[in-house]
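Inspection log for the structure reproduced underneath, given as structure tokens.
The values are calculated or read from the model by the stated rules, or taken from the named source; none is laboratory data. This structure is a prediction, so every number in the text was calculated from the model and none was measured. Cβ placement follows ideal geometry from the backbone for every residue including glycine, while neighbour counts extend to all protein chains displayed.
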Amino acid sequence: MPDAIDELIIGFDRALRTLAGTASAARPNPAGAIAAAELTSEERRHAAGLMRVNHTGEVCAQALYQAQALVARDPEVKRCFAAAAREEEDHLAWTQERLSELGDRTSLANPLWYAGSFAIGLAAGLAGDRSNLGFVVETERQVEEHLSSHIDRLPAGDSRSRAIVAAMRDDEIRHGMAASVAGAHTLPLPVRALMRATAKLMTLTAYRI
């Protein structure tokens, strides 16, 4: 019981930091040594929209990993989720910092996306550890595709945003590979399709709101 209470307290603290925008990075910002380029107002708006989507994605990742770790049965699987969540918190801080540099804000819908992602993470975790890990593999595969598309779509001169997104993509690939090695099951096609549709809705919403 004490361990469960500790996990709930830690999880509540993480949720507050995620939604309050006070997440801190343990690693240096990948854009730290890159000079800021002059962007037009349209380029700045577009870059901010893409980075807001990426920030919301990291809000969702925090909720997913927290919920999945909460119901995971194997202590090693729990440790895997905790380590990935810590790296994802770096992403959260980096994307928020870049949004501030671009003079923009995070998505107003983040609390809703956090709550929805937490519920999805619980459902994935309750299906068993192998399905839980399979959910991570598929999530990270889709996120990798999404980040790769953003690298192509960012303004040509926005090297700072591009460096952050590239570093995030590298981490997502590692997280997916780690889950696969840990024994992930492949998710059924309808589940993967539903995940993709949900991610598309989030992307369209966060870009504007």
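Let me confirm something: among SER107, SER131, SER149, which residue is more than 14 Å from the chain's Cα centre (by Cα), within 30 Å of ARG44 (Cα to Cα) and not hydrophobic (A, V, I, L, M, F, W, C)? Step through it out loud before you land on a result.
Details: SER107 fails: more than 14 Å from the chain's Cα centre (by Cα); SER131 fails: within 30 Å of ARG44 (Cα to Cα).
It is SER149.
For beta carbons closer than 6 Å, sequence separation of 6+ or different chains, a first residue in segment 21-44 that is farther than 18 Å from LEU154 by Cβ and modelled with pLDDT of 85 or more and a second that is among the aromatic types (Phe, Trp, Tyr) and not in a loop (DSSP other than H, G, I, E, B), there are no qualifying pairs.
Do the conditions hold for SER107, that is, is it crowded, with 18+ Cβ neighbours inside 10 Å and outside any helix (DSSP H, G or I)? Working first, answer last.
On the way: crowded, with 18+ Cβ neighbours inside 10 Å: yes; outside any helix (DSSP H, G or I): yes.
When the stated conditions are applied, SER107 passes them.
Looking only at segment 155-197, how many residues end up being free of Cβ contacts under 8 Å to residues at least 12 places away in the same chain and either in contact with a His (Cβ under 8 Å, 6 or more places away or on another chain) or closer than 21 Å to SER107 by Cα (or both)? Total meeting the criteria: 2. Any residue at all in segment 68-80 that is under 19 Å from MET202 (Cβ atoms), in a helix (DSSP H, G or I), in contact with a helix residue (DSSP H, G or I) (Cβ under 6 Å, 6 or more places away or on another chain) and not polar (S, T, N, Q)? Checking segment 68-80: not a single residue is under 19 Å from MET202 (Cβ atoms), in a helix (DSSP H, G or I), in contact with a helix residue (DSSP H, G or I) (Cβ under 6 Å, 6 or more places away or on another chain) and not polar (S, T, N, Q). When VAL136 is evaluated against the numbered criteria (1) surrounded by 15 or more Cβ atoms within 10 Å (Cβ to Cβ); (2) more than 18 Å from the chain's Cα centre (by Cα); (3) in a helix (DSSP H, G or I), which criterion, by number, is the only one it fails? The one condition VAL136 does not meet is (2).
Hey, among ALA163, ALA178, which residue is in contact with a helix residue (DSSP H, G or I) (Cβ under 9 Å, 6 or more places away or on another chain) and more than 13 Å from VAL53 (Cβ to Cβ)?
Working: ALA163 fails: in contact with a helix residue (DSSP H, G or I) (Cβ under 9 Å, 6 or more places away or on another chain).
None of the others qualify; the one that does is ALA178.
ALA123 meets the stated requirement of being without any contact (Cβ under 8 Å) to a residue 40 or more places away in the chain and either hydrophobic (A, V, I, L, M, F, W, C) or crowded, with 22+ Cβ neighbours inside 10 Å (or both).
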